[in-house]
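Quick notes on the structure that follows.
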């Protein structure tokens, strides 16, 4: 996150403290999707539960706005709030006898950034622009439309083999494009750690 | 190319958590072949995971969920505002409420509390009763009479209402005069003993003062107007029809005899006798001869029956009587006994 954005966020937060709803709306629109997916991925929480939890975090964020002191950034405040809530939820579940599959792990601000929709979107958009048209089409249908290779082949009237080739090509280009921008995956780190 | 295709498919499957044991083994073997493979794996996996994450985030309906949160905020705000408003109202009301409770707790015994509950006591024919009112006043009710009185006296005036005959022994309280409402008149007293007769069929209201002072008043246009005072031993007779009030020296024994269970006549006109016999025995007494109107009677009855009383009266005067026992009316109820008095044949 750039310094400029951080300053902008602090300004918006000051606006929100004065009861200006547009500032709250901004934070919600900006962070809500990422926070939901974050809680789902990191703590394997059910979708409905996650939404309620994140909405409660925002509710508290608004109601307590005068009391809240931001020491790092608004985004880390929000993500840490969701993390703590998720852990509380898991503890409660554990007490009720549900086995926890994954324990949350502290992570850097860098990792948080990949949970900010607009930032990740921008990053992908720029990288996807580097792909040849057909290649990009295959990748988007596969990753964003959730289609199986067989269906992509049918839709684009090409062979499944061609789809696989295009997909491999796309991954090859994208991994290089995104290499410098995206941090290593937390899950992967954990995977290696466990190994 | 072939191998890479295969490995990338395996990584894709792994991201979707769709990898089976055989495939996992295959992937692990490939990973262990070289560190190059490992970094390749990491990078591809990153692309896949982040694209998956981006897709998941895009699918969330942010504006709808924002509406939900705003609704929750609105609800909480309303509860908060209501609570704050309630606190303010409570704070504003606490002092008056406290004063009110102190006033009702402490102020009540000091009086002035309004109590409009009206009670009534009624005596049937042949029965007399005595009651004590909340201010200590004693009232003796003659037979066939009714007294209306408040459960507790309030305000400046002590007011009761009488139908029939009663003797009052009023508790002295000069600040709160005692009023007996009888027809259009009121008898005002402070601490006295007097008898009032005001039966519905009476043509006169008779007030006899045994001791103390009473004043006859009437409410005219909301104001009290005096119709004169009575002295001890006097009686006032107010004509209900023409409103005339006359004062006489009276025979106390006669007016108060009913309290001892005596029906006493002292040179009373036959009309008077007929009326009082009627009240005493619950009968309708009719005089069937105008010539009898001048007759006066003196007698005292205690335990005599109606027939015995009439027989005794007929011994001393030239009268005849006829008793028609209670006849059943059309509606199955029984009429009063009827007595017809005629001039005798002597």
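Based on the mean of other beta carbon atoms within 10 Å per residue, what is the order of B:50-62, B:311-323, most packed first?
So the peptides B:50-62, B:311-323, ranked by packing, come out B:50-62, B:311-323.
Using 1/(1 + (r/R0)^6) with R0 = 51 angstrom and r between the beta carbons of residue B:244 and residue B:87, what's the FRET efficiency to the nearest 0.05?
0.15
For A:164-175, what's the mean count of beta carbons from other chains sitting within 10 Å of each residue's beta carbon?
Other-chain Cβ atoms within 10 Å of each residue's Cβ, averaged: 6.
Express the relative contact order of chain B as a whole percentage, based on alpha carbon pairs under 8 Å and six or more residues apart in sequence.
Normalised by residue count, the contact order of chain B is 8 percent.
If we restrict to alpha carbons, what Rg and Dmax does the protein assembly as shown come to, in Å?
54.1, 160
Relative to the first principal axis of the alpha-carbon coordinates of chain B, what is the inclination of helix B:270-281, with its axis defined by its Cα atoms, in degrees from 0 to 90 and to the nearest 10?
40 degrees
Measure off 7 Å from each Cα along the Cα-to-Cβ vector at residue A:47 and residue B:3, then give the distance between these two points in nanometres to one decimal.
4.0 nm
Enter the angle in degrees (range 0 to 90, nearest 10) between the Cα long axis of helix B:2-15 and the first principal axis of the Cα atoms of chain B, meaning the one along which they spread out most.
Roughly 20 degrees between the two axes.
Quick one: helix B:35-58 against the long Cα principal axis of chain B, what's the angle to the nearest 10°, folded into 0 to 90?
For B:35-58 against chain B, the angle is about 30 degrees.
Could you check what % of the DSSP bridge pairs in region B:262-343 are antiparallel, to the nearest 5?
70 percent
Peptide B:58-66: average number of partner chain Cβ atoms within 10 Å per residue?
6
Tell me, how many Å apart are the Cα centres for region B:255-314 and for region B:60-94?
Going from one Cα centre to the other spans 85 Å.
Evaluate the Kirkwood expression for the hydrodynamic radius of region B:177-320, namely the inverse of the mean inverse distance over all pairs of different C-alpha atoms, and round to one decimal in Å.
Hydrodynamic radius (Kirkwood, Cα pairs) of region B:177-320 is 16.5 Å.
Partner chain Cβ atoms within 10 Å, averaged over the residues of A:132-144 - can you pull that number for me?
2
Grab the DSSP H runs of the protein assembly as shown that are 4 residues or longer, score each as -39,500 (n - 2.57), total them, divide by all residues and round the 222 nm result to the nearest 500 deg cm²/dmol.
-16000 deg cm²/dmol
Take peptides A:34-45, B:229-240 and line them up by average Cβ neighbours within 10 Å, highest first, as a rough protection proxy.
Highest to lowest by the protection proxy: A:34-45, B:229-240.
Order B:152-159, A:155-162 from most to least packed using the mean count of other Cβ atoms within 10 Å.
With the highest mean Cβ count within 10 Å placed first, the list reads B:152-159, A:155-162.
All of the numbers you see were taken from the coordinates with simple rules; none came from a lab. Keep in mind that this is a model prediction, so the values were computed, not measured. Every residue, glycine among them, receives a Cβ derived from its backbone with ideal geometry; neighbour counts consider all protein chains shown.
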